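Input: a single structure, listed below in structure tokens.
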Amino acid sequence: MSAMVRTSEELDLATQFRQGDDSAFDRIVEQHSAEIAALANRLLGWPGDVEDVVQEVFLSAFLGLKKFRGECRLRTWLFTITVNRCRSFRFRRRRVLARVAIDDPEAAAGSGSGCDQVPMDEETFAMVRRAVQTLPRKYREVTVLRYLQGLQTQEICDLLGITANAMQVRLNRARARLKEQLGDLFEEKS
Amino acid sequence: MSEEQVKTLLQRADEIAGNPVFSTVSAVRIRRRLQRRRVFRTAVPLAAAAAVTIAIALLTRSGQVETPQQQPQPQQQIASLQEQVNQLKAQTDATLKLVQEVLERDRQQQRLDALEAELASIPDPVRRMEQQVDRSAFLLVYQADRLYKELNQTESAVAAYKEVIQLFPTNQWADVARERLSQIEQRRINKSEDKGETRCEPRSV
């Protein structure tokens, strides 16, 4: 029931925006910007600064909101835009990083090693984040959406355009890869 | 390794990483950004096209000048070409000027936005001062109340109330202090009246 109310509220906001009420868009931004920023931060490997991506996402939303018909939740729609923006952002960044790596291979290799002064716990969690970041895109996305954003199976399937089975397979494989990379850590934890 | 373990570990790692940094987005800002984009999309190709046209015209003209014997052109044609080149030059200058103006306006707008944001982030010093004054007055009244009610030190309390009135005469707490003083005064009068009555009463032996 509450989901239905929320959807109708979202539709109302979209309608108000279509009718030229800019404050409706501001309300949408207010409601969703924190989640969008968190998702972008996670998908981009926790860079901390996600200003550009958030701006791009809302710019796309601003342009596309007129076509929003409420077939899915506004949040899911915004998440889809975020995932797509993050994909292209990562792609661009990889190209730049590849250039840097050719110029200075040590700088790229030693990004997270040799931090003896950092407390063990923090370093361990940095390792976990790096492991997530190095996962292939399709595994990383389902991992972030499922475990960190806490989305339901159906929402993830709608968002990524995959079946529930495919999502489960990706999650299993992502877990296996994480275990491979963080094997000792999981043994310690268990 | 269970799914729950993975989830917990990832969530903990995410928490440790902290919240991302981003500034607020608004419809007005996005509209401005779109407008800027539109201007760039039209002005830049326009300027480029004008530049290419001029270059072609100049090349054509220089080719004609270099080979006057091969293709003799009438004087009028050269003059009209010269005229065309001049017109194109003027057009390019105007377009470039327009682009520069737009860029300058954009820069000014950005500076203005930054200043507005900075201004918004600065708390109003007058308001803060007022709050501090209010707080000080309240604390003095509170202490005086304690002296009077809990510690029974009426004289010290009266002095404190008077201090509030003297230091912050227009503040709301000065009114409270005045009220308290009048109450104390009233009580003193009542007390002295009571004492006077008891003194005058004949003792019953």
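The values are calculated or read from the model by the stated rules, or taken from the named source; none is laboratory data. Here the structure is a predicted model, which means the values were calculated and not measured. So basically every Cβ, Gly included, is an ideal-geometry build from the backbone, and we count neighbours across all protein chains shown. For accessibility, only protein heavy atoms count, side chains too; no ligands or nucleic acids. Shrake-Rupley method; radii C 1.70, N 1.55, O 1.52, S 1.80 Å.
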Given points 7 Å out from each Cα along the Cα-Cβ axis, report the B:Glu163 to B:Phe40 separation in nanometres with one decimal. 6.3
FRET efficiency, 1/(1 + (r/R0)^6) with R0 30 Å, evaluated for B:Ala47 and B:Ile78 via beta carbons: 0.65
At a 1.4 Å probe, which residues in segment A:130-157 are at least 30 Å² less accessible with all protein chains present than in their chain isolated? A:Tyr147, A:Leu148
Extension gain B:Gln131-B:Ser26, at 0.36 nm per residue separation less the Cα-Cα distance, in nm? 34.7 nm
To the nearest 20 debye, what is the magnitude of the charge dipole of segment B:45-168 about its Cα centre, counting +1 on the Cβ of each Lys and Arg and -1 on the Cβ of each Asp and Glu? 180
Between B:Ala114, B:Gln91, B:Gln77, whose Cα lies farthest towards the positive end of the dipole of segment B:54-175 when Lys and Arg beta carbons carry +1 and Asp and Glu beta carbons carry -1, centred on the Cα centre? B:Gln77
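For segment B:71-176, give the percent of accessible area contributed by carbon and sulfur heavy atoms, probe 1.4 Å, rounded to a whole number.
The nonpolar share, carbon plus sulfur, comes to 53 percent.
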What quantity of accessible surface, computed with a 1.4 Å probe and excluding non-protein components, is buried in total between chains B and A, in Å² to the nearest 100? 3200
For a label point 7 Å along the Cα-to-beta-carbon line of A:Ser88, residues of segment A:141-180 with backbone N under 20 Å: A:141, A:159-161
Which whole-percent values make up P(r) of segment B:1-61 when all C-alpha to C-alpha distances are grouped in 5 Å steps starting at zero? 4, 13, 9, 8, 8, 7, 8, 8, 8, 7, 6, 5, 4, 3, 2, 0
Restricting things to Cα coordinates, could you compute the convex hull volume per residue of chain B in Å³? 351
How big, on average over all directions, is the shadow cast by the Cα convex hull of segment B:111-175, in nm²? 5.3
I want to check the label-to-label distance for B:Gln5 and A:Asn165. Put each point 7 Å from Cα in the C-beta direction and report it in nm to one decimal. 2.9
Sites A:Ala34 and B:Ile16, calculated FRET efficiency, Cβ-Cβ separation with R0 22 Å, nearest 0.05: 0.75
